[in-house]
Structure formats: structure tokens, C-alpha cells
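Data first, discussion second: the structure below is written as C-alpha cells.
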Amino acid sequence: MIYTVKKGDTLYRIAKNNGLTLKRLLELNPDIKNPNLIYPGQQIFLRGVDGVKGEGQGVVEFYLNKGWIISSDYGIRRDPFTGSNAFHRGIDFAGKPLGEEIFTPVEGKVIYSSYYNGWGNLIGIEDQGGYIHLFAHLQQRFKKVGERVNKEDVIGLNGSTGKSTGPHLHYQINTPRGGMIGINAHTDPKMFLI
Ligand SMILES: [Zn+2]
């Protein structure tokens with residue numbers, strides 16, 4: 001799948017519109033040496049060619065492959081506490097006991113590690129593209145603010161802290177403009193390739 005650059009495009013925007021991280025887009029286009037220098041008419045690969053660089057694994061597959069199940073999807077749902085409809089800003093992964101290790105599917109820098117109201121024990125990791133990955137309801141947090149993490153690092157333990165009906169991981173991705181708060185600036189983790 002190839003995209004032709006139009007006037008005014010930025011690589012970041014092209015990546016975002018296609019559910020890719022800037023990092024992933026650059027991996028798919030190794031010829032681009034300077035991400036700030038693209039020109040109208042230039043062709044950008046959005047997917048791997050001939051299986052050499054296949055489609056990136058998604059965040060969701062990352063957890064499903066480790067045996068987690070989705071207990072609540074991203075989008076409108078009935079709030080388990082209020083009974084009214086509310087937008088669920090992340091995906092809940094369950095099916096694992098309290099204390100199960102939680103791995104990060106992305107590398108990045110820890111920008112938040114604290115107990116925060118309904119979120120319980122919360123870790124926030126900012127990736128290279130500026131997206132913020134939130135891991136909520138942890139039983140324990142193993143990472144501190146400022147630490148760098150690699151993909152597959154254990155960042156904490158499965159828990160039920162904060163506003164939670166049982167052990168699960170609430171995984172949420174805020175877009176760069178959303179920062180840690182992310183109100184109306186979150187994205188469907190199913191669209192996020194790693
Ligand atoms: Zn949730």
C-alpha cells in the first residue's frame with residue numbers, strides 16, 4: 001500500500017492517518033533519511049512489501065499472544081459503575097490472576113508512575129512518536145519517572161487498584177496532543193501497530 005505525498009503533508013500526519021507510528025513509518029521507508037524533508041509526489045510505503053517488512057503486530061495481538069483476553073473493548077459501553085453509557089478510552093485485558101507480570105508492548109520513556117484516583121496504580125510511557133501508553137489498575141509499579149523501557153520489559157503486576165471490578169489491565173493510548181490526560185485525544189489500541 002503506497003501513499004503519494006501531497007502539498008502540506010507531514011510524515012507524522014501521514015503516519016497518524018494510517019494508524020502507524022512515525023517510527024514504524026520510517027522503518028517501512030528506510031530511504032527517508034530526514035523525516036522533515038518530504039516532497040509532493042513522493043511515494044511512501046504504508047505496509048511492508050513482499051513480506052520482507054510485514055505489517056506490524058498490533059498492541060492487542062501482543063497481549064492476546066500472551067494469553068490475555070479482551071474483557072472490554074475501546075468505544076461506547078455501559079459503565080459498570082454508573083450503568084449509563086460512557087466512552088471507554090482504552091481496552092481492558094483480563095483472564096490473568098492478580099500479580100501476573102505486565103509487559104510493555106512499546107519502548108519509550110516513563111513519564112508517569114503514581115497512584116491516581118480511579119486509575120489506581122498508573123504508569124504512563126511516552127513512545128518515540130509522542131503517543132502516551134497508559135497502564136492502569138496495577139497491583140505494583142516497577143518503573144519510575146524518567147526511566148527508559150524496552151519492548152517486553154515488565155513494568156508492573158496485574159492488579160485491581162482504583163475503580164476496578166476485578167484484576168485487569170486498562171491499556172489506553174493518548175495521542176501526542178492529548179498528553180497524560182487524553183480527554184478526546186485517545187486512539188483505538190487496535191489501530192496501533194508496534
Ligand atoms: Zn478500562
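Every read-out reported here was derived from the displayed coordinates using simple, explicitly stated rules and does not represent laboratory data. These numbers were taken from a predicted model, which means no experiment stands behind them.
Calculated over the chain, the projected area of the Cα convex hull averaged across directions stands at 11.5 nm². Short-range pairs are left out: with C-alpha atoms under 8 Å and at least six residues apart, the relative contact order of segment 59-191 is 25 percent.
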